[in-house]
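J.: Below is one structure. I have some questions about it.
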Amino acid sequence: VPGEQASATQPFPLAPPALALQKISVDDAWGPTPGDLEFCRKQIAGLRHDGIFTPPSLQGTIETPGVLGGMTWSGYAFDPQRSLLVTNTNNMPAKVKLIPRADFWKDDVRTEDGEYSPQTGAPYGLFRRFIQSPSDMPCVAPPWGSLIAVDLNEGKIRWKVPLGSMQDFGHKQPPIPPGSLSLGGPIVTAGGMVFIGGTFDPYFRAFDIETGKELWKAQLPDSGHATPMTFALHGKQYVVIAAGGHDKISEETPGDALVAFTLPSQQ
């Protein structure tokens, strides 16, 4: 493991461009206060990072995109009429560190909050966590989440907008720029609307697929970390999302709501 290098990968495509950060340095550190900023600079400076595919290391490696993506496992939506692929992305670099098997269960090794995995049968256990400042904010500049439309014919980004807000994530925060981590993908309707929840703030939103302009939002009982669906019943179209929070985001409350929206009846 010491000095391990990732093997060569396939050629990188020329288009479309990457949708999320591929590499960060100390110059990319960010914090809502001077103390947070200095903390983040030290965190980033102490970790190995050679770009994407940097192997986990004993000193700790920066993984970017982080363990939530880039493009997330929540899926994406495609509009065949416009050849636009619409996806939400996360910009949350993570620290990944290997711990020798003999030391894995020692208390003086487990000094950081995060996920510890024993990796049974391997010579190393694993630790990982997002790279965050004492304020709980990520150590790179927002937006930490975006909604992006990619023109697949042109191989270009048609538009990119911040998605949601992480205001008061963890505790009361000074004003924070928009853009939230998201878990839950978008859908696209034939009428040119993009519907998506997924963000830390408990809102369900609609965007114009041509421009990325936010057209509407409604508050949910809890965050909607799910991909919505749409259906028609008796001539009326509905859009539905599960709003249950997320068990890995301790700041969110768990719920079990299914929420449906529709346009008011025309008289």
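The values are calculated or read from the model by the stated rules, or taken from the named source; none is laboratory data. Because the structure is a prediction, the values reported are computed rather than measured. Neighbour counts are summed over all protein chains in view; Cβ atoms, including those assigned to glycine, are modelled from backbone coordinates with ideal geometry. We work out accessible area using only protein heavy atoms, side chains counted, and drop any ligands, DNA or RNA first. Shrake-Rupley method; radii C 1.70, N 1.55, O 1.52, S 1.80 Å.
J.: Out of the residues in the range 127-160 that are open to solvent by 40 Å² or more (accessible area, probe 1.4 Å), farther than 24 Å from residue 77 by Cβ and at pLDDT 90 or above, which is farthest from the chain's Cα centre (by Cα)?
T.: Per the stated criteria, the residue is 134.
J.: Let me ask another. Pick out, from the range 109-159, the strands (runs of 3 or more DSSP E) lying fully within it that include 3 or more residues that are not polar (S, T, N, Q).
T.: 124-130, 145-151
J.: For the range 76-91, check the following and say yes or no: at least one residue is open to solvent by less than 40 Å² (accessible area, probe 1.4 Å) and either part of a loop (DSSP other than H, G, I, E, B) or without any contact (Cβ under 8 Å) to a residue 24 or more places away in the chain (or both).
T.: yes
J.: Continuing with this model, one more query. Could you grab me the full set of residues in the range 3-48 that are charged (D, E, K, R), assigned to a helix (DSSP H, G or I) and either at pLDDT below 90 or open to solvent by less than 50 Å² (accessible area, probe 1.4 Å) (or both)?
T.: Across the range 3-48, the qualifying residue is only 36.
J.: In addition: Just one of (1) within 25 Å of residue 140 (Cβ to Cβ); (2) buried (at least 19 other Cβ atoms within 10 Å of the Cβ) trips up residue 53, so point out which.
T.: Condition (2) is where residue 53 drops out.
J.: Among the residues of the range 31-59, count how many are free of Cβ contacts under 8 Å to residues at least 60 places away in the same chain and not hydrophobic (A, V, I, L, M, F, W, C).
T.: Summing the residues that are free of Cβ contacts under 8 Å to residues at least 60 places away in the same chain and not hydrophobic (A, V, I, L, M, F, W, C) in the range 31-59 gives 13.
J.: Of all residues in the range 57-75 being touching a Lys or Arg at 6+ places or on another chain (Cβ under 7 Å), in a strand (DSSP E or B) and not hydrophobic (A, V, I, L, M, F, W, C), which is surrounded by the fewest Cβ atoms within 10 Å (Cβ to Cβ)?
T.: For the range 57-75, the residue satisfying everything is 57.
J.: Follow-up question, since we're still on this one. Of the residues 180, 165, only one is open to solvent by less than 50 Å² (accessible area, probe 1.4 Å), within 18 Å of residue 67 (Cβ to Cβ) and not aromatic (Phe, Trp, Tyr); which?
T.: 180
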